[in-house]
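Here's the structure we're looking at; comments come further down.
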Amino acid sequence: MGKLDVAILRYLTPEDFRVLTAVEMGMKNHELVPGSLVASIANLRHGGVHKLMKDLCKHRLMTYERGKHYDGYRLTNAGYDYLALKALTSRKVIASFGNQIGVGKESNIYTVADEDRNPLCLKLHRLGRTCFRNVKDKRDYHAHRNRASWLYLSRISATKEFAYMKALYDRDFPVPKPIDFNRHCVVMELVSGGPMTHVMAVDDIEGLYDELMSLIVRLGNCGVIHGDFNEFNIMIDNDGHPIIIDFPQMVSTKHPNAELYFDRDVKCIREFFKKRFGYESSLYPRFSDLQRDDHLDEEVACSGYKRTHHIENELLQEMGIDLQVSDDDESDTEDSQEPEETSKCSEDEITTLRREVEESIQRDETVAVQNLTKNTETLSINNKIETEEVPTLIPAEASKEQRPNEEQEDKTSQKYRLAMIEKALSDVRSSRSYTSASTIAPEIVKQQVKKNLEAKQKRMERKKAIAKGEASAVTRQRRDNKETIRESHGLWGWAE
């Protein structure tokens with residue numbers, strides 16, 4: 001989700017965009033799109049499609065990932081941006097791309113221009129950032145689906161914002177003029193001004209405060225609540241008038257928490273004026289003061305407004321919004337059961353691992369007992385040999401060093417015998433210490449075997465998690481097929 005680099009856009013061919021579109025179409029019902037499906041959707045030769053996909057992955061417009069059951073391709077944010085920019089360029093909405101002027105928790109803002117070099121504003125929705133991933137509790141984009149792609153949620157967010165902006169602009173609200181949208185991109189008029197959070201001094205503080213509170217009440221009378229009405233989502237133009245931006249979180253006044261959102265918007269404005277300008281007024285609107293005179297929430301199907309089956313809005317149909325439960329929800333519920341299966345498999349693996357550990361420990365214990373008995377036998381044999389050989393060796397060795405002097409002969413023979421006895425005893429001690437060190441406690445054996453098995457299991461898991469390309473996927477599939485044939489014991493006509 002880094003910065004957008006459009007330098008490669010001019011070098012992409014129509015075949016590249018055809019492959020990107022094929023991956024986008026495949027992602028409607030696939031988490032990872034297989035290469036064969038991309039080739040069939042793109043209607044190009046398989047070899048050519050493979051080369052194009054390899055180049056697109058090199059430029060990070062696509063990624064090749066390894067899934068649980070199969071490998072495939074996934075469209076990245078940059079690839080999705082390129083598809084949207086290509087569509088807007090073909091419509092002649094934008095002709096040049098400028099710098100980045102803003103970054104939010106769920107969007108990036110850029111400056112663009114049309115063919116007449118009129119400056120415009122391009123907003124790219126970026127749902128799924130680490131700082132804003134709890135979308136299910138704060139938005140209802142996914143309807144009743146258990147899971148959805150971040151690209152799909154970004155597209156719905158952009159579609160809703162364009163619908164809100166168009167409806168508010170038609171009612172003469174101070175909002176940017178909506179130009180066009182495609183996928184997760186919204187093109188609007190560039191506001192000549194800056195955010196209110198950068199404003200340090202105002203000529204008429206009371207007038208600006210009254211104007212902002214009037215906008216909150218006017219939105220409530222139309223049946224909607226902004227939901228994030230603060231200094232970061234309010235622009236001040238060159239004349240000192242406010243302009244409202246950022247509408248995806250708008251809710252209806254029929255929402256269960258509508259009063260809470262309304263009071264929060266009022267509180268944000270009051271606290272900002274108190275901290276920044278030292279202005280505090282006892283006059284502020286309340287939710288009970290609203291007098292509904294419009295049905296904007298029904299027109300754009302705001303969050304909190306329940307649509308009936310006979311109501312069909314032409315604007316929402318044109319933009320592709322359908323908040324009713326579709327057949328995809330059943331498939332999503334089936335997919336949601338996959339983690340349970342994986343947990344069962346993991347438990348089975350754990351039980352098998354424990355069984356292997358116990359069997360190996362039992363084997364090691366029996367081997368240790370056998371070694372201990374052998375060592376005790378060897379010790380007893382060595383003791384017998386020492387008691388028998390030491391008296392016989394001493395006279396033989398002593399006889400070689402006899403001297404003419406008998407007194408010296410007795411002294412040397414006694415010293416020599418004592419030295420030989422000490423040497424024999426030291427050899428016995430060393431052999432005993434060596435043999436006793438070879439026996440290991442059963443607890444240490446258990447810990448070592450368990451540690452080795454766990455390390456082996458981790459190595460196998462790391463090896464499975466590595467995806468080196470489509471060729472490795474084919475090799476893995478052939479290896480699995482060969483293993484299946486080998487385990488069938490000649491069922492397929494041959495066996496090793």
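List of remarks:
- Sum of side-chain charges, Asn230 neighbourhood, beta-carbon under 14 Å (Lys, Arg +1; Asp, Glu -1): +1
- When the C-alpha to C-alpha distance is required to be over 20 Å, the pairs from Lys105/Lys177; Lys68/Lys105; Lys86/Lys123; Lys123/Lys177 that qualify are Lys105/Lys177; Lys68/Lys105.
- Packing order of peptides 116-127, 477-488, highest average first: 116-127, 477-488 (average count of other Cβ atoms within 10 Å over each peptide's residues).
- Among 276-282, 22-28, the order from most to least packed when residues are scored by Cβ within 10 Å on average: 22-28, 276-282
- For the peptides 240-249, 156-165, the ranking by mean Cβ contacts within 10 Å, running from highest to lowest, is 156-165, 240-249.
- Shape category assigned to region 150-189 from the gyration tensor of Cα positions, a/c cut at 1.5: prolate
- The equivalent ellipsoid of region 1-65 has semi-axes of 19, 15, 10 Å, largest first, where each one is the square root of 5 times an eigenvalue of the Cα gyration tensor.
- Protein-only accessible surface at a 1.4 angstrom probe places the residues Arg462, Arg218 in the order Arg462, Arg218, largest first.
- Amide H contacts of Ser96 (H built 1.01 Å from N, under 5 Å, at least 5 apart or other chain): Ala113
- For region 202-212, the Karplus equation 6.51 cos²θ - 1.76 cosθ + 1.60, evaluated at θ = phi - 60°, returns couplings of 10, 5, 10, 5, 5, x, 5, 4, 5, 5, 5 Hz by residue, with Gly and Pro reported as x.
- Accessible area ranking (1.4 Å probe, heavy atoms, ligands and nucleic acids excluded), largest first, for Asp203, Asp180: Asp203, Asp180.
The values are calculated or read from the model by the stated rules, or taken from the named source; none is laboratory data. Values in this document were obtained by computation on a predicted structure and should not be read as measured data. We place every Cβ from the backbone using ideal geometry, glycine too, and count neighbours over all the protein chains shown. Only protein heavy atoms, including side chains, enter the accessible area calculation; ligands, DNA and RNA are left aside. Shrake-Rupley method; radii C 1.70, N 1.55, O 1.52, S 1.80 Å.
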